[in-house]
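Reading through the structure tokens given below for one structure.
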Amino acid sequence: MLVDGKNYLDVEDLDVYQKLCGLHIEVCDLTHKWPAEEKYELGSQARRSSNSAPAQMAEKNDDRHIRNKIEGVNRSRGEAAETIHHLYMARLKTYVSADTYESFKSRYKECIRMLNGLEKSLERHLPASDRRWSTSVRETSSEYSIPVTGYPSPEH
């Protein structure tokens, strides 16, 4: 694919990278409003994982080996999921509203789906026997509904 006269993509050209960077900025803004004792605990963890998601992509993007690029995508996906967890804990501690949490969760899940697609696209360059994704695998948008017990109900 040619972008601006190049025959390759810089990491900054990837929509998912741009979205993850934007989410990181928003997470930073959000966490700096939390109580002082959380700015260096839960807030720091959320900021670090939200920054690590796009950083993992950037680290491996220029690697010549497809497997290493896929590793970066996998790590990025894990960091995005970790950020959802930190924001969920913030919701349970009532630092963020249910709506704010759901907005971040939805946007991170979109990025995770985009990362899945990127991984699938990269795997087309591997031998079929080495691929994680088969052509018959389709991701659904179904949500899991598991009740959480033993925690106070977050304010909405």
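The values are calculated or read from the model by the stated rules, or taken from the named source; none is laboratory data. These numbers were taken from a predicted model, which means no experiment stands behind them. Reconstructed Cβ throughout: ideal geometry from the backbone, glycine too, with neighbour counts over all protein chains shown.
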Checklist line | helices (runs of 4 or more DSSP H) (entirely within segment 1-98) containing at least 1 residues that are surrounded by 20 or more Cβ atoms within 10 Å (Cβ to Cβ) | finding: 15-31, 42-61, 66-92
Margin query: Cβ-Cβ distance below 9 Å, separation of 6 or more or different chains: which pairs start in segment 114-140 with a residue that is at pLDDT 75 or above and of a type in the set (Gly, Ala, Ser) and end on one that is assigned to a helix (DSSP H, G or I) and surrounded by 11 or more Cβ atoms within 10 Å (Cβ to Cβ)?
Written below: 117/16
Next item on the list: State whether the residues of segment 52-63 include one that is over 18 Å from residue 18 (Cβ atoms) and at pLDDT below 95.
Entry: yes
